[in-house]
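What follows is a set of notes on a single structure, which appears directly below.
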Amino acid sequence: MIQHLFRPEWIVCVISLLSVLRPARWWVVLGLAAIVSVWVFGTAGGLLFPAAVGSLSLLLLLKSGRRWNMAGKFLAAGGALFSALLCVLFPLPEAPELAGPHPVGTMTFLLPAASASPALLAQVWYPSRADDGVPRARWLPDPALAPDFPFHRIAHARARSREDVELLECPDRFPVIFYEHSWTGHRAENVAQLEALASQGFVIVAVDHPGQAERVRYPDGTIVPSRLPASLDLSTEKAVADFEKLAEHCLQSRIDEIGRVRRALEGGAVPKLADRLVLERVGIFGFSFGGTCALRACSLDRTFVAGANEDGFFLGGGSPLGAFLFFDEEMPGWLMRPPAADEGSPQALMRRSGEHIQSVLGRSDRQRVILDGTRHESFSDRIFTCLIPRLARTGTRSADEVHQVVTSRLTGFFKSHLTGQVSAGE
């Protein structure tokens, strides 16, 4: 905590407050210049807007009458304090400590386009040798993937993994888990969970699905944006039917692309991982629509022996062939009551999804975890972008608590069904 007091945004807020106590023109100019510099070159950006406005007001009113001079001081002090409050509420995110015994490495690889199939960009997280001399990887591989202000500071944050470090020396092959991103999400939307699993001995593979992912930036600089609607229209029965039709197309594309990546790994496409992975029995999980995809993969292919769905719809028929773990946000009150006459299409879709989930829970290897105090975005890295969960629309439970509960359950579940081990999280 002490080191955070020396972050640039805190220093300029202090300078702004000091300029109120000693309002010399040169001192105010210095404070304003410091604010602008930190705004441009630091991570806080627009969070310093109130401090900048306050300091500018003080500079303009400094030589005015006593009443205007006091107003300038008030604006400068209020702006500095408000900016400081914003920097507290929306800090530079700090990745949670790794829960497992291993350091984590990460690397990306590219599969060239093949016939009608697009080039695929994938990232892996894996147990690694300790190498503190290698800088920690960026949390987001592309800063443009950061959420909108004021949650944007994650674009400057560092993850716990380190890029391209050596794979952990181990006589056994590593179990593999695929991660599927959300509707218009991306492969790095859940880095904290992926690193936690990798630190426990798993190799995690996440694929950006071109045309579905929010933005795929290839090594040559080419950018492929999402072609999907960012927000879903579920207002009518026809809109729901159109969504389900589009979703089926997206799911089929994703299944095909996951298969391409798995076969490429089997063929040694990533030399560092060649002959080190268990690819005949793998796991898969995802957030939101990524969880829907995990369900579909586990219902079609026995290679996926265990899967997890983090608050995604259960679309279509079928049932997972193996073990499966469902996470759900806190249930809204209306969903706990019988259907009402005035319920619309979105509510009907949620009820059908919940009924599908309940219908497949009749086996000991199927589990459902409903986390009270959470919302949909609680199952993503968004929980780390704001100190107050309600402001980030992630419920009422703290980021550390949600992260610990979800990752411990995932770890226990996948250890049990991919390695045969039983851990405290299961």
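Yes or no: segment 409-420 includes at least one residue that is within 20 Å of the chain's Cα centre (by Cα), surrounded by 17 or more Cβ atoms within 10 Å (Cβ to Cβ) and not hydrophobic (A, V, I, L, M, F, W, C).
yes
Applying the selection to segment 78-113, what residues are in contact with a strand residue (DSSP E or B) (Cβ under 6 Å, 6 or more places away or on another chain) and within 14 Å of A44 (Cα to Cα)?
Across segment 78-113, there are no qualifying residues.
Quick one: in segment 114-132, of everything that is open to solvent by 70 Å² or more (accessible area, probe 1.4 Å) and of a type outside the set (S, T, N, Q), which residue is farthest from L48 (Cα to Cα)?
A116
Please count how many residues of segment 363-406 are assigned to a helix (DSSP H, G or I) and either of a type in the set (D, E, K, R) or open to solvent by 30 Å² or more (accessible area, probe 1.4 Å) (or both).
8
Just one of the numbered conditions (1) open to solvent by 30 Å² or more (accessible area, probe 1.4 Å); (2) part of a loop (DSSP other than H, G, I, E, B); (3) in contact with a Pro (Cβ under 9 Å, 6 or more places away or on another chain); (4) more than 30 Å from C87 (Cα to Cα) is not true of G201; which one?
Unmet for G201, out of (1) open to solvent by 30 Å² or more (accessible area, probe 1.4 Å); (2) part of a loop (DSSP other than H, G, I, E, B); (3) in contact with a Pro (Cβ under 9 Å, 6 or more places away or on another chain); (4) more than 30 Å from C87 (Cα to Cα): (1).
Pick from E244, E310: which is more than 23 Å from the chain's Cα centre (by Cα) and of a type in the set (D, E)?
Of E244, E310, the one residue that is more than 23 Å from the chain's Cα centre (by Cα) and of a type in the set (D, E) is E244.
If only one of W10, W26, W68 is of a type in the set (F, W, Y) and either within 25 Å of I154 (Cβ to Cβ) or in contact (Cβ under 8 Å) with a residue 60 or more places away in the chain (or both), which one is it?
When all the criteria are applied, what remains is W10.
Can you name the residue in segment 162-185 that is of a type in the set (D, E) and in contact with a strand residue (DSSP E or B) (Cβ under 9 Å, 6 or more places away or on another chain) and, of all such residues, is surrounded by the most Cβ atoms within 10 Å (Cβ to Cβ)?
The qualifying residue surrounded by the most Cβ atoms within 10 Å (Cβ to Cβ) is E180.
Conditions tested, residue by residue: (1) among the small types (G, A, S); (2) assigned to a strand (DSSP E or B).
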residue	(1), (2)
A159	yes, yes
R162	no, yes
E169	no, no
D172	no, no
V176	no, yes
W183	no, no
H186	no, no
E195	no, no
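Give me the pairs: first residue in segment 163-177 and on the phi > 0 side of the Ramachandran plot, second residue assigned to a loop (DSSP other than H, G, I, E, B) and surrounded by fewer than 17 Cβ atoms within 10 Å (Cβ to Cβ), beta-carbon distance under 9 Å, and six or more apart or on different chains, which are they?
Going by the 9 Å Cβ cut-off, the qualifying pairs are D164/V134.
Looking at A146, A95, A116, can you tell me which residue is of a type in the set (G, A, S) and within 28 Å of F414 (Cβ to Cβ)?
A95
Checking A213 against (1) in a loop (DSSP other than H, G, I, E, B); (2) within 12 Å of the chain's Cα centre (by Cα); (3) not polar (S, T, N, Q): exactly one of these is not met. Which one?
With respect to (1) in a loop (DSSP other than H, G, I, E, B); (2) within 12 Å of the chain's Cα centre (by Cα); (3) not polar (S, T, N, Q), A213 is out only on (2).
Pull up segment 212-238, narrow it to residues that are aliphatic (A, V, I, L, M) and modelled with pLDDT under 95, then point me to the one that is surrounded by the fewest Cβ atoms within 10 Å (Cβ to Cβ).
A230
Are there any pairs, at least 6 apart or on different chains, whose C-beta atoms fall under 9 Å, with the first in segment 77-95 and under 30 Å from A188 (Cα atoms) and the second β-branched (V, I, T) and open to solvent by 20 Å² or more (accessible area, probe 1.4 Å), and if so, which?
Going by the 9 Å Cβ cut-off, the qualifying pairs are A84/V14; L89/I388; L92/T43.
Considering only residues that are surrounded by 22 or more Cβ atoms within 10 Å (Cβ to Cβ) and in contact with a Ser or Thr (Cβ under 9 Å, 6 or more places away or on another chain), which ones fall in segment 133-161?
A137, R153, I154, A159, R160, S161
Has segment 46-55 got at least one residue that is aliphatic (A, V, I, L, M) and either touching a Lys or Arg at 6+ places or on another chain (Cβ under 6 Å) or free of Cβ contacts under 8 Å to residues at least 24 places away in the same chain (or both)?
No, segment 46-55 contains no residue that is aliphatic (A, V, I, L, M) and either touching a Lys or Arg at 6+ places or on another chain (Cβ under 6 Å) or free of Cβ contacts under 8 Å to residues at least 24 places away in the same chain (or both).
The values are calculated or read from the model by the stated rules, or taken from the named source; none is laboratory data. Not measured: the values here are computed from a predicted model. Quick reminder, even Gly has a Cβ in these numbers, built from the backbone with ideal geometry, and neighbours come from all protein chains shown. Each accessible area value is taken on the protein alone, full model and side chains, heavy atoms only, with ligands, DNA and RNA left out. Shrake-Rupley method; radii C 1.70, N 1.55, O 1.52, S 1.80 Å.
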